Every structure is written in structure tokens, then in C-alpha cells.
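Presented below is the structure to which this report refers.
The values are calculated or read from the model by the stated rules, or taken from the named source; none is laboratory data. Treat the numbers as computed from the prediction; the structure is a model and nothing was measured. Every residue, glycine as well, gets a Cβ built from its backbone with ideal geometry; the counts of neighbours run over all protein chains shown. Just the protein is used for accessible areas: all its heavy atoms, side chains included, with ligands, DNA and RNA removed. Shrake-Rupley method; radii C 1.70, N 1.55, O 1.52, S 1.80 Å.
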Amino acid sequence: MKTRWLPGAALASALLIGNAAHALPEVGAARPALTLKDAWDRTLDLGALTGKPVLVVYEDKDSAKQNEVLKQELAGLAKGDKYMKSIALVAVADLSGYDYWPVKGFVKDAIKTESNKQNTVIYCDWNGSARDRLALRRGQSNVVLFDKGGKVLFSAAGTLTADQRKRLVSLLKAQVGE
């Protein structure tokens with residue numbers, strides 16, 4: 001009897017741990033304390049962004065194309081100064097597989113080039129700790145919107161549906177008073 005129960009318990013335990021690893025931040029949850037570094041080693045303290053909505057887009061090289069449509073929609077919003085000044089966009093690259101010499105230097109150079117090309121700062125998560133602190137999913141595009149007070153308004157992983165994108169844009173507009 002014990003030999004049957006133990007494998008079942010181990011399976012149940014593995015499933016519970018697996019499900020916890022796939023959780024996303026819940027609406028209303030507080031933004032965690034987190035300091036990020038960009039490819040130039042400049043830091044950003046997410047806590048310092050209080051008073052401004054914060055949109056976090058967290059991706060790795062394989063998931064970067066998942067929300068291309070959303071990024072185009074966001075670029076359209078960003079054409080007006082209102083959004084550029086009112087919303088903090090925090091783009092984070094999951095680089096957890098590249099934190100060793102000499103690869104890290106090449107990757108830093110590539111991130112600098114991409115940051116310049118996209119005209120936005122891309123922050124680097126070299127060990128997955130930012131992903132863990134933000135409760136995001138590995139291997140997927142993650143999008144989290146925090147309100148001006150640092151509470152989660154929206155979170156999703158994977159390719160956002162048209163309805164999810166519409167809801168996110170609506171929440172962004174509400175945050176800037178539109």
C-alpha cells in the first residue's frame with residue numbers, strides 16, 4: 001500500500017510545484033521590489049516608478065515574436081508624447097542561458113544594438129531572478145501592467161488574444177486619463 005501511495009504523492013507534489021511555477025501575478029498584487037540592470041550596467045529600481053503606470057514586457061529570444069502585434073499597437077500609442085511621458089515601459093530580456101564568459105559580452109553587445117534599434121532600454125535578467133520575483137513564465141512572452149500605485153492591473157503570458165490586447169490598451173488609456 002505504501003509503495004503505491006508514495007509515487008502518487010510524489011506525482012501530486014510535482015504537479016502542485018509545476019502549477020505554482022506557472023502562476024502569473026494576480027490582479028491587485030503589489031509590484032515586488034526589484035532592481036534591474038541594462039546592457040550598459042545602469043540600474044532601474046522598479047519601486048522608484050511609483051506614481052506612474054509600469055508596463056513590463058519580459059521575453060527570451062524564442063518568445064520575442066509572440067506579441068509582435070501588441071508591440072506594434074504599443075508603438076502606435078507611443079507616437080504621442082502623452083504615452084511616452086506617462087507610462088514607464090520596462091522591457092526585460094531573459095538571458096539566463098548566457099551568463100558566462102565570453103558569451104555574456106557578445107550578448108550584451110547584441111542587447112545594446114537592439115536597444116538602440118528599438119529606441120528603448122532593454123534590461124537584462126542574467127539568472128532568472130527577475131522572472132521569479134515578478135512571478136512570470138519561462139519561455140513565454142509575459143506582459144504585466146502595474147497601476148500608478150504599484151498594483152497589478154493586467155498580467156498574461158504567451159500570445160495575447162485580440163481581446164486581451166484590447167483590454168490592455170484600454171487599461172493603459174485609463175491610466176493616462178484618456
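Just the accessible area for Lys148, please: 1.4 Å probe, Å², rounded to the nearest 10?
Ignoring ligands and nucleic acids, Lys148 comes out at about 100 Å².
Looking only at Lys104, Lys61, Lys117, which one moves most when the chain is put into a Gaussian network model with springs between Cα atoms under 10 Å?
Lys117
Which residues in the range 94-110 place their backbone N less than 20 Å from a point set 7 Å from the Cα of Gln118 along the Cα-to-Cβ direction?
Output list for this probe position: 94-99, 104-110.
May I ask you to give the solvent-accessible area per residue for the range 45-178, in square angstrom, as obtained with a 1.4 angstrom probe?
Spelled out: the 1.4 Å probe surface of the range 45-178, per residue, equals 52 Å².
Percent of accessible area on the chain owned by carbon and sulfur, 1.4 Å probe?
56 percent
Over the heavy atoms of Leu89, what accessible area does a 1.4 Å probe trace out, to the nearest 10 Å²?
80 Å²
Provide, for q = 0.14 Å⁻¹, the log10 of I(q)/I(0) from a solvent-free Debye sum over equal Cα point scatterers in the range 32-174.
Values returned for q = 0.14 Å⁻¹ are -0.63.
Please list, or write none, the lysines whose alpha carbon is within less than 20 Å of the alpha carbon of Lys79, excluding same-chain residues fewer than 8 places away.
Lys52, Lys71, Lys117, Lys166, Lys173
Relative contact order for the chain using alpha-carbon pairs under 8 Å, separation at least 6, rounded to a whole percent?
Contact order relative to length: 34 percent.
For the range 62-124, what ratio Rg/Rh do Cα atoms give with a Kirkwood hydrodynamic radius?
1.03
Could you sort Asp81, Asp147 by accessible area so the largest value comes first, with the probe set to 1.4 Å?
These residues rank, largest area first, as Asp81, Asp147.
Determine by what factor the alpha-carbon radius of gyration of the range 84-161 differs from 2.2 N^0.38 Å, reporting the quotient.
1.21
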